[in-house]
Structures are given as structure tokens and as C-alpha cells.
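Take a look at the structure below.
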Amino acid sequence: MSRPEDLINQLRIDRNAPEPAPSRRGWWIALAVLAAVLVLGGGAWAWFGRDDGVEVETATVASIGAGGSASVLDATGYVTARRIATVSSKVTGKVREVLIEEGQHVKEGDILAYLETTEANAQVQLAQAQLAQAQSQLVQAKAQLRWTESDYARQKNLAAQKLVAAATVDAALAARDTNAAQLVSLDRAVKVAQDQLDIARIGVDNTVIRAPFTGVIVDKAAQPGEMISPISAGGGSIRTGIGTLVDMDSLEVQVDVNESYIGRVTPKMPVEAVLNAYPDWKIPAEVIAIIPTADRSKATVKVRIALNAKDPRIVPDMGVRVSFLEAAKPGVVAPPKILIPAAAVHPDAGQDVAFVLKDGHAERHALKLGGTLGDSRQVLDGVLPGDTVITTAPDSLKDGDAVKIKPQD
């Protein structure tokens, strides 16, 4: 059995005893905590500190004039319609019902809208009453003429028998002639009343607005309850048309050609047209006519161009680039003409450059430029058709910078 002194000695700390060996388990725990902190810190930096690049606007490099014919002249213009009408009524009135919407196809004679017919119907009823009155007077005059003719014949026989005076016969003759003249006048009055009725009915028909030709509604200009008039009344409260109708089969291109180069253009000359909205679609066309007048302010001459392709993608007022082509030469293929937006070209260290979007980064390309075509520049070397070039970016943009396309509003 241990003594109390021995138990007390066991509780004493031996300060001269060697220190125990450190445990490896503690080191592993410390290393794991440090690694977790580094991973979390790196992830936070990657999430909160990452750089998505500056926002830029872009455009696609286009090409025109490729094929068996070389381009002798390039120009820009717009798609126009030769047959376009603001459809209105023949009379001033209030719109009762509108049957059209934008984009609706209509045929010639289709009803587009109705005007109120209260006054027009009243005019018809008045004309009908006037016609009935004239017809009644005509019937009465015919009966009166028959009586005066009989009376004249009777008085003439009595005068032959010396039973009445000659003055009585003359009075009967005058009465007959008067009634005959009155009958002619009333007959004409009946015809006038009939014409007035026909005119009144035309007035009712004029309250119905119909399509003058087959086409597409591109603008709805009036609503029920508004006043409409075929002529402007000088105020904004009266509409001058129910809508705008365009014959899509009459679409053509009109371009302004510099008068210095108009000699290169001839009627029936082949043309290649490229819509700004569809840069990869080359539309065959030909020159219709050269308008024989010049614009002195712009020193240009207007040229009409017929599109040889009909397509619903072609709509009025679209921008278009055209290439006037020379006659095709067998075995000779003209190279395409590459066009880049002028906004994508920047001067840098004495040369023209453009930034091409590649894998989310701006890539600097030196350019060799040709002529100017509208808002575009011809590129002889530096970019290829289909490349995406940066048109709007900060002035600090450099080669290799990360960029992202600005979202459309």
C-alpha cells in the first residue's frame, strides 16, 4: 500500500525531464487548414477579381463583286417602291371601322375601312324624295296633256260646224301646247332627280375605302373616331390617309452616282446588289435608266436599278451597296471586293489598323485600304470576308486585350 508521501511525489513536475516528441498529426492538420485557406482565397479572387474584358461593338466584314465580271463602279443607295400610296377617302368624314394592320397583304378592291354614313344616307333619302315628287308631277302633266289634246280636238270640230268662235279653238290649242312644253320640262326634271340620287349613292360608296392595288400595308395611320380628309386641313387633328400601301413587286434600287463616273454606267448594264442587312446575299440586278438630271448640291446623278429577284426579305428603305459590272469574260473570275465599316479603321503609328475579334480578345491587323463606298472602306489586305471587326471600343484598347460584345438595347 502506497504511502501518502509517495502519492504527493508523483504529482510533482520534473523540470529536468526531456520534452516529449512532437506529434505529426498536428502538422498535418495545420497544413490542411492552410491549403483550404489558399483554395478559398484563390476562388474568391477568381470570382470577385476576374476581368471579363471591355465592352465593344462589332461588325462583319463583307465582300461584293465576286464572280465572272469585274466591277467598274461601286455605289450605295436604298430600296424604293415605284408603286406606293397613302390610301385616303374621297370625302371628309369620321372613321367608323378600320380593317387593316401593318404587314397585312391586301388585294385590289379589298375594303380597308368604313366612314360614318349618316349624312350620306340622308342625302340618298332626300334625293329619293325629290325623284318621287318629280315623277308625280310628270304623271300629272301627262294626264293634263291628254285632256287638253282632247279639248282641242273637240273645239276644233265645233268650230268647223260654226258652233264656237275661233278664239275658243285658239285657247284650246294654247293650253295643249303649254301642257306639252310642261311635260318636256318635267321629264327633264325627273332625269335630274335620278342623277342626283345616283350621285348621293356614290357619296355613300365613297365612305367605303378600298385598296387601289394589290400590296402590303406598311403603315396604319388612322383609328376609329378620327376625322379623315383627302386634303390637309392645316391641323394635326385630321388625318389625310387611312394607311400606306406598297406594291412589293415594284421594288427597285435607287443610287446616287458621282457625276464624274456616270459615264461608266449604261442602261441594261448588269449589277450586283448586296443589302446591308444580308451582307452574304448577292442579288442579281440590272440598270433600268439613268435619270437625266443632276443634283448640283451633291454632284451626283440618280440611277434606277431593277432587282431580278423577288424575296420577302427585301423591303423599302433598306440600305444597299451595288457594283456595276462589266461584261463577263470567259475564263476570267474577278476577285471579290472586301468592305469594312469605316468606323473600324483607326490610324496607329502612321498606318491604318483594325481590331479583329478572336476568341474573346482583340487582335490588331494592319490594313491596306482602297477606295470609299458609302460608310465602308475597301480593304486590299489585312482582313478576310466574314471576320468580326471591332467598330466601337475605348481608345486604350490594345492588341491582345480581353473584350466582350456590348449587348443590344
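The values are calculated or read from the model by the stated rules, or taken from the named source; none is laboratory data. Predicted model only: the values in this text are computed from it and were never measured. Ideal geometry is used to build each Cβ from the backbone, glycine not excepted, and the neighbour counts take in all protein chains shown.
A compact table of results
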read-out: Filtered residues of segment 333-356 (kept if in a strand (DSSP E or B), at pLDDT 85 or above and of a type in the set (V, I, T)); value: V353, V356
read-out: Any hit, segment 142-157, residues being modelled with pLDDT of 90 or more, hydroxyl-bearing (S, T, Y), part of a helix (DSSP H, G or I) and surrounded by fewer than 14 Cβ atoms within 10 Å (Cβ to Cβ); value: no
read-out: The lone exception for A120 - which of (1) modelled with pLDDT of 90 or more; (2) loosely packed, with under 12 Cβ neighbours inside 10 Å it fails; value: (2)
read-out: Residue match in segment 360-374 (condition: touching a Pro at 6+ places or on another chain (Cβ under 9 Å), in a strand (DSSP E or B), of a type outside the set (S, T, N, Q) and at pLDDT 80 or above); value: no
read-out: Residue identified as of a type outside the set (D, E, K, R) and more than 28 Å from T392 (Cα to Cα) among V271, V345, V320; value: V271
read-out: Selected residue (criterion: nearest to L126 (Cα to Cα)) from residues of segment 176-213 that are at pLDDT 90 or above and in contact with a Phe, Trp or Tyr (Cβ under 9 Å, 6 or more places away or on another chain); value: T207
read-out: Cβ-Cβ under 9 Å pairs, at least 6 apart or on other chains, segment 298-309 side part of a strand (DSSP E or B), far side hydroxyl-bearing (S, T, Y); value: V301/T293; K302/T293; R304/T80
read-out: Set L126, L138: member being outside the structural domain of L99 (by TED's automatic domain parsing), closer than 30 Å to S88 by Cβ, out of contact with any Lys or Arg (no Cβ under 8 Å at 6 or more places or on another chain) and surrounded by 13 or more Cβ atoms within 10 Å (Cβ to Cβ); value: L126
read-out: Qualifying residue in segment 214-223 (condition: modelled with pLDDT under 90, crowded, with 18+ Cβ neighbours inside 10 Å, in a strand (DSSP E or B) and in the same structural domain as R96 (by TED's automatic domain parsing)); value: no
read-out: Any hit, segment 250-258, residues being modelled with pLDDT of 90 or more and not in a strand (DSSP E or B); value: yes
read-out: Answer residue from segment 351-404, given it is in contact with a helix residue (DSSP H, G or I) (Cβ under 7 Å, 6 or more places away or on another chain) and of a type in the set (A, V, I, L, M) and is surrounded by the fewest Cβ atoms within 10 Å (Cβ to Cβ) among those; value: I390
read-out: Lone qualifier among V164, V95 - being farther than 30 Å from L275 by Cβ and in a strand (DSSP E or B); value: V95
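So that you can scan it fast, the table gives a plain yes or no per residue for (1) surrounded by fewer than 17 Cβ atoms within 10 Å (Cβ to Cβ); (2) closer than 25 Å to G386 by Cα:
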| residue | (1), (2) |
| --- | --- |
| E259 | yes, no |
| V274 | no, yes |
| D280 | yes, yes |
| M318 | no, yes |
